[in-house]
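Here the structure is laid out as C-alpha cells; the discussion comes afterwards.
The values are calculated or read from the model by the stated rules, or taken from the named source; none is laboratory data. Please read all numbers here as calculations on a predicted model, not as lab measurements. FYI the Cβ positions are ideal-geometry reconstructions off the backbone, even for glycines, and counts take in every protein chain you see. Accessible surface areas use protein heavy atoms only, side chains included; no ligands, DNA or RNA. Shrake-Rupley method; radii C 1.70, N 1.55, O 1.52, S 1.80 Å.
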Amino acid sequence: MCAVSSFSWRFFFPPAAQAILWILPATTVITDMVVPSLSFAQQASTPSTDSNAVSLPEIRVVPTTPLAPPRRAPSAPAPSRPAAAPVAQTAPAAEPGVVDLDKIPSNVQTIPASDFGPTKAPDLLQAMERALPGVALSDQTGNQFQLDINYRGFIASPVVGTPQGLAVYQNGVRINEVFGDTINWDFIPQSAINRMTLVPSNPVYGLNAIGGALSLEMKNGFSYHGVEGDLTAGSFGRIGATTQAGGQKGNFSGYITADAIDDAGWRQDSPSQLRRIFADLGARGDNNTEFHVTFTGADNHFGAIAATPVQMLAQNWASVFTTPQTTENQLAFLTASASWKPTDTWTYQAIAYYRYFHQAHVDGNGTNASNDPTVCPDPTLLCFPNLNGTTSNLMTTTGQTVANAGTLGFPNVLGEIDRTWTTTNSFGGSVQAASSAKVLGHNNNFVVGMSLDRGLVQFSTTSELGTISGVPPLVQGTGLFIDQPSGDNAPVGLGAATLYTGLYATDTFDVTPRLSITAGGRFNFAQIDLRDELGNDPLLTGNHNYSRLNPTIGATYKITPNLTFFGGYSEANRAPTPLELECSDPVRPCLIDNALVGDPNLKQVVSHTFEAGLRGTLNPGKGILSWTVDVYHALNTDDIINVASPIIGHEFFQNGGNTLRQGIEAVASYKWDRWTAYANFTSVDATFRNPLTLSSPFNPFANANGQIFVVPGDHLPAIPDFRFKTGAEYQITAPWKLGADLNVIGSQYLVGDASNQNPKIPAYWVVNLHSSYKVSEHIELFGLVQNLFDRRYYVSGTFFDIAEVPYLNLTDPRTFVPGMPFAAYVGVRGTL
C-alpha cells in the first residue's frame, strides 16, 4: 500500500487568467438565518427548552433559478411567537427570485451548513448521502473521494465516459466539466458550503438538468462570523485539517477556508491527497448593491483502482486488478458577482467566471497486442487484432514493428499504460432580473435571464506497451509507445470548443391565497466544434449544433395550513458531450478515456418529467413532524448509453432509444426536545422502452457475436431499485450528542447486463454512528464510525475478459467494486 505523503500546500494556477467574474449566493431558509455575531458552531438552531412553547412549522423559500439574490442576515433573532399564525401571516416577505417552498411544484430538498460539519459525516459525499433522501452513492474508481451520486436513476460522476444526468451549480455557475459533463466533487471543500438545494428536473437550470440540479450556496463574510478549525484522524491513514474564518467590517466582508486531507485508502494502491481553498471578498453599498469576488483552488491526487474480479475479492477483500491507476486534478476557479435592488420588488444580478481545469490520468490495462506466435502472421513479431477480430496485423510502435523476442517475447503477458491529459479553460456569465411586484393585486414572482458559457478543451493521449506481472497485476512500461491506427490505439490530440447559450424565464403566480401556478421555460442552443490537432485522423474534425425550447408548468394547492398538494410537468435536454460525439461508432470504438476516433452524430437527450405529491407538517405531542410523499415519472427520449466493444477496454456511445425512470419518494423528519429523527424511502424503476441489440462481449449470456438482446421492460444496469434511510440523534446531556444512521440500498444489475440475465448485485445495509461532546464553549470532540458491523457488500459491478491476465487462471467474468469495511475517525474542533 502506498504511503501517504506529509502535508504540504501546492496549488497550480493557469498561465494567464483573463476574465473578470461574478457569483451570487443563494439563500434558501429565512427562519434559520445566522446572527452575525455568532460563530459557525453557534449557527445551528438550538431546541427550545420551554416545554410550554408551541413550535411553528418552518417557513422556507428556495431559489427559482441557479442565480438567487443575496439577502442580508438579520441583526438579531426574530422574536418567538406565542402560537401558530394563519398562513397569510407566516408567509415570508416577497423576495424577487425566491419563492416559498410550499409554492414549488416539485420535491425540492435543502441541506443547511450544519449537515456538512465534520461531526456527522467524514466527507462531502457521505454527508450528501446521509442528508438527501433520494440520493445513493455508487463507486467506479474505488476511491472514497471520487464516488458517483445517483438520484432517481440519474448520475453525477467524476468518471469520464459516464452519461451524466444532473447539473451542478456553485454560487450560480454551472461546474459540470466541459469535456464529459463530469463533476469533480473533490474540488468542493465541504466547510465552505452554506446550503445545498436539490431540485428535480427543471429546464431553467440549463443543459444536463434532465434528472435535476444541485445548487451550492457558499459562505461569505456577511453570513459567517467567527474562526474555526478542526483536526481529524482515523482508519486507513486518514488525517485531515480544516480552518475557516469570516467576518464583516462595515460594508465589507471576507471569508476564507482551506483544508488538507491525506488518506492511504483501504484498498491496495488507493491513496488520496487533497489540498483545497475557497475565499470570498464582499462589499455592500448604501443603495442596495452588493459585489463579491470568490476563488476556489485545488490540487488533488488519487489512486483509483476500480473493479476487481470476484474470485480475487474472495481471497482478499482489498485486492485490486491492474495497476497503476492514478488521477491528478487541478483547479483555479475565479468568479465575480454583482446585484442591485433599486426597489423592494426588483433585483438585477450579473455573474462572470473563469475556470481552469487540468486532469492527468494514468491507467495500467491489458492490451490487444499479442505475442502468441500461433495467431500472429509473423511469429517473430508482435501483432495487433483488426477491429473485426478475424485477422491480425503486425504491431507498430511509433511506426516500427516490435520483435516477438527477449523481454517482450512469449509467454510474457503484455499490457499497456494509457495516459490522458485534459486541459480546459472555460469562461462566461449570466444576467438576471427578478420581480416580486403584484400582478392584478395577486402575489407574483417573475424571473428572466440569460447565460453564456464558452469552453476550450485540449485532450491528448498516449499508450505505452508494457508487461504484466505479479499479484496484484502490475503493468510496467517498456518505453515503446503504440501507434496502431488500425486498432484505434494511436496517439490522439483533440481540440474542442463549446458555446452554450440559454434564455430562460419563470413565473409563480398566486391565483388565490391557496393556489399558486408556476410556468416557465428555457431555450438552449449548444455549439460544439471538434478538430484533429495531430493531423493523423481528419475524422475527428466536425461541427455539431443542438437547440431546444423546454417548457415547465406546475401548481401547488394548500389544502389546509399544514397540508399542500403539488404537481407539475417539465422538459429538459442534454446535448451530447464532445467525448460522446467523438466516440459513437461501434465499428471504431474508443479506449475510454484513452483514445478517440471520428464518429457519427448523436441525437440530444430530452427528458419529460411528471411529478405529483403531498407535503405537510404535524404536531404530534410537543414535536414537529415534517413529511413529503410524491411520485415521479421521467421519460428520456434518445437516451445516450455507454456500450462495451469486443475489443478489450474499448467502448462507444449510442442513442439507446427511450428509457423510463419512475418511482415514489416518502420522506419524514421529526424534532422534539432532545430528539431529532428521520426516515425516508425511494423506489426507482428504471427500464428500457425499446428493443435493442447491444454489444456485451464478456457477458456469459452473450451470443457468439458478443451481443445481448434487450426487450422493453428490461431494467437499466447500475441503478439500485430502492433506497431506505433512517436515523436519529439524541442530546444525552447539554454537551453530548449521539446519533446513528441506517442506509439500505437495493439490488442492481451489473453494467453490461442490460438484458437482465445475470444475478443482480444483492441489496446491502450499513450502520454509521456519530457523536460529539463539547468540552467547553470553544472546544468540541467528535467521533465517527462507518459500517459499524463491518458488512461486506458490492457497490457496483461489470464484466471483464478472463483471458486478460492468463496466469491468474480466472474463470468468473464478473468484477466488482467492494464496499468499504469498518472505519473509525476521531477529531477535535475549536471555535473563536
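Worth pointing out:
- Selection within segment 259-296 - within 27 Å of the chain's Cα centre (by Cα), open to solvent by less than 20 Å² (accessible area, probe 1.4 Å) and over 30 Å from Thr308 (Cα atoms): Asp259, Arg276, Phe278, Asp280, His292, Thr294, Thr296
- The single condition among (1) open to solvent by less than 30 Å² (accessible area, probe 1.4 Å); (2) out of contact with any helix residue (DSSP H, G or I) (no Cβ under 9 Å at 6 or more places or on another chain); (3) modelled with pLDDT under 95 that Pro586 does not meet is (1).
- Conditions (1) within 20 Å of Lys737 (Cβ to Cβ); (2) part of a loop (DSSP other than H, G, I, E, B); (3) not polar (S, T, N, Q); number of the one not met by Glu780: (2)
- Scanning segment 788-826 for residues that are surrounded by fewer than 20 Cβ atoms within 10 Å (Cβ to Cβ) and under 30 Å from Thr733 (Cα atoms) turns up Leu788, Phe789, Asp790, Phe822, Ala823, Ala824, Val826.
- Selection status of Leu480, among the hydrophobic types (A, V, I, L, M, F, W, C) and under 30 Å from Glu804 (Cβ atoms): yes
- Of the strands (runs of 3 or more DSSP E) lying entirely inside segment 604-646, the ones with 1 or more residues being within 26 Å of Ile553 (Cα to Cα), open to solvent by 10 Å² or more (accessible area, probe 1.4 Å) and among the aromatic types (Phe, Trp, Tyr) are found at 605-618, 624-637.
- Qualifying residue in segment 320-330 (condition: open to solvent by 20 Å² or more (accessible area, probe 1.4 Å), under 30 Å from Val98 (Cβ atoms) and charged (D, E, K, R)): no
- Residues that are without any contact (Cβ under 8 Å) to a residue 40 or more places away in the chain and within 28 Å of Ile104 (Cα to Cα) within segment 628-657 comprise Val629, Val631, His633, Thr637, listed in sequence order.
- Against the conditions (1) of a type in the set (S, T, N, Q); (2) under 24 Å from the mean Cα position of the chain (by Cα); (3) open to solvent by less than 40 Å² (accessible area, probe 1.4 Å), Asn425 satisfies every one except (3).
- Filtered residue count, segment 135-163, keeping only those that are of a type outside the set (Asp, Glu), touching a residue at least 40 places away in the same chain (Cβ under 8 Å) and in a loop (DSSP other than H, G, I, E, B): 13
- Leu579 vs. criteria open to solvent by 30 Å² or more (accessible area, probe 1.4 Å), touching a residue at least 40 places away in the same chain (Cβ under 8 Å), outside any strand (DSSP E or B) and more than 27 Å from Glu665 (Cα to Cα): no
- Where strands (runs of 3 or more DSSP E) fall wholly inside segment 469-535, the ranges with 2 or more residues that are of a type in the set (Val, Ile, Thr) and within 26 Å of the chain's Cα centre (by Cα) are 492-510.
- Qualifying residue in segment 664-671 (condition: open to solvent by less than 20 Å² (accessible area, probe 1.4 Å) and small (Gly, Ala, Ser)): no
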